[in-house]
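The values are calculated or read from the model by the stated rules, or taken from the named source; none is laboratory data. Please read all numbers here as calculations on a predicted model, not as lab measurements. Ideal geometry is used to build each Cβ from the backbone, glycine not excepted, and the neighbour counts take in all protein chains shown.
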Amino acid sequence: MIKLICTKNKEEMGRYVADRIERLIKRKPDAVLGLPTGTTPIVVYNELASRFGAGRLDFSRVKTFNLDEYCGIDENDTDSYRHFMMEHLFSKVNIRPENIHFPDADAIDLEKECARYDGAIAAAGGLDLLLLGIGHNGHIGFNEPQSEFVVGTHKVRLSDSTIAANARLFASPSDVPRRAVTMGIGSMMNAAKIIVMSSGADKSEILYQAFHGSVKPGLPASILQLHDHCTVVGDPDAMRCFRESGMPVEYVENENCFGGE
Ligand code: PGA
């Protein structure tokens, strides 16, 4: 079932998602989270760091699996997704290094590494909660539009639109890696719950298409329509197409009216 939630702004979206995570960790201190990078989740990570600072959250038993990592970028490089996560969340909370997981995108035996990553997610009991952003082309993680959904963790060639969108984070567009390793659709769809986050008018149309049109690998996020517990949360600009379509959108006006985890 898909639940559509419109928050009054991006910061409120961050508080909504942080609240869902806080409830989950309080109920299940060893929760397993699937986490994205990108601009969208920063408000969530800021909110989680501040709640940890306030003594409201304990990450000591939490496990995380990030969605993806670039090929050809050292994990200590400031452009790596591991570095992004350290900077925005992991260095600010008490998560244990051994509980942080990324695919090794430069593994010599990549097939083995992809199988290892899927195995590690399964061995942890699967994801309790998966956070996702959505790309302008409808990608989730780095599952780019293609002719079929790929179940397992795998290597991808990034689409031109993804390279263009991510160029803002690099010194020059030619520095953007062309390849990455991403969690596949299988581990994502096996997550107990999923939250898709979005802010800004530029995501409204693709978000609507993903959850309104047909399910097809050319629009990877559309597979989420088949998930039992998927929430789409966005600011009013991102949720515009949903709001104008007459689809049932729940409005969250303050941080105390959250759905339970
Ligand atoms: P963004 O990226 O959060 O930076 O917009 C989302 C994505 O490409 O998945």
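Here are the numbers for the structure shown:
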read-out: Scan of segment 127-144 for residues that are acidic (D, E) and either within 11 Å of the chain's Cα centre (by Cα) or within 16 Å of the ligand (Cβ to nearest atom) (or both), ordered by number; value: E144
read-out: Boolean, V232 is over 22 Å from E144 (Cα atoms) and in contact (Cβ under 8 Å) with a residue 24 or more places away in the chain; value: no
read-out: Qualifying position, being in a helix (DSSP H, G or I) and either over 15 Å from I100 (Cα atoms) or within 15 Å of the ligand (Cβ to nearest atom) (or both), among R15, R56; value: R15
read-out: Flag for G218 being closer than 19 Å to I42 by Cα, surrounded by fewer than 20 Cβ atoms within 10 Å (Cβ to Cβ), at pLDDT 95 or above and more than 15 Å from the chain's Cα centre (by Cα); value: no
read-out: Candidate set from segment 150-184 (those that are among the aliphatic types (A, V, I, L, M) and in contact with a His (Cβ under 8 Å, 6 or more places away or on another chain)); member that is farthest from the ligand (Cβ to nearest atom); value: V181
read-out: Residue satisfying condition, being of a type in the set (K, R), surrounded by fewer than 16 Cβ atoms within 10 Å (Cβ to Cβ) and touching a Gly at 6+ places or on another chain (Cβ under 9 Å), within set K3, K8; value: K3
read-out: Out of S187, S147, sole residue that is away from the ligand (no atom under 14 Å from the Cβ), surrounded by 22 or more Cβ atoms within 10 Å (Cβ to Cβ), small (G, A, S) and farther than 18 Å from L4 by Cα; value: S187
read-out: Hey, V233 more than 12 Å from the ligand (Cβ to nearest atom), surrounded by 15 or more Cβ atoms within 10 Å (Cβ to Cβ) and in a strand (DSSP E or B) or not; value: yes
read-out: Residues (closer than 24 Å to S187 by Cβ, without any contact (Cβ under 8 Å) to a residue 60 or more places away in the chain and not hydrophobic (A, V, I, L, M, F, W, C)) located in segment 1-38; value: E22, P29, D30, T37
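Residues are listed down the side, and each one gets a yes or a no for (1) closer than 29 Å to E11 by Cβ; (2) not in a loop (DSSP other than H, G, I, E, B):
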| residue | (1), (2) |
| --- | --- |
| L127 | yes, no |
| L130 | yes, yes |
| S147 | no, no |
| K155 | no, yes |
| N166 | yes, yes |
| S174 | no, yes |
